[in-house]
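Below: the structure, in structure tokens.
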Amino acid sequence: MAVSINVADGVVTMRRLAVVLLLLVVSASVVYANERPLVAVMPFEEGRIEGEHNRRWWQREGAALLDAIREAFTDQLIASGKFRVLERSRLDQVMKELQLQASDWFDPGYAVEIGRLVGAPFLLMGTVTKFDIRETAQIGVGNITWQGTGAEIALRVRIVETETAIALASVFASGTASSGNLFVRLPAPLSGSLQGGSPVDAAVHHAVLELAEKVVAAFEDLQSSPELATAGMSLTD
């Protein structure tokens, strides 16, 4: 009994199979992208800075630190693979088009309007709620002095739904770090010091890592419990 094989039909079938597989891959990618919420990370706001030493430090370095916190937090969210994060340049462009001042970023009404204009369903609005840099210890022996410094920072992020202007959740995180500096007193005009890394940088690093992890967990809770989405507090109250 002779069996005939249509090679042309086989080629067509393979091509169709390849097309189907490609469509499945594309569809899966689209679904995955849709499952990841699109968020806009707003500039972090300065909270209450207590203590004369802290306020002097903040006047010099505060603006740069707030910017660094925002960038590091954004990087951690992207690295988590759980979010699509709106480009900062897009937010800055909208702010420029609306002729807003820097302080307007922190006005809930303006922030929500910006979120709507850029098409971000969720805003992440951050605040530095505590900042403390201090001398922890000082020990001197002859011309050699060991001086310890420490830093503590606390951060809060509110997850705001753009459509409703409702704060769905608040997330808190903190970080502390310390380091020691060895100073050697030499005859004038010579002087020297051997200094370690900045405790402020280390404290911020710890706080940002914790903050990003908690934001991921908060979104997972919101997605698994839709009723929580209506239990927030309006930012416009």
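Annotation for A68 and Y110: the two label points, set 7 Å from Cα along the Cα-Cβ direction, are 2.6 nm apart. Applying a DSSP loop filter and a limit of 16 other Cβ atoms within 10 Å to the GluC sites (Glu not before Pro) in region 29-94 leaves E50, E87. The fewest-to-most ranking of M95, M42 by surrounding Cβ atoms within 10 Å reads M95, M42. Between R55 and T164, the simple label model (points 7 Å from Cα in the Cβ direction) yields a spacing of 4.0 nm. Taking label points 7 Å from Cα along the Cα-to-Cβ direction, E35 and E97 give a separation of 3.2 nm.
Bear in mind that the values in this text are calculations on the coordinates, not laboratory data. Keep in mind that what you see is a predicted model, and the values were worked out from it rather than measured. With ideal geometry, Cβ positions are generated from the backbone for all residues, glycine too; neighbour counts draw on all protein chains shown.
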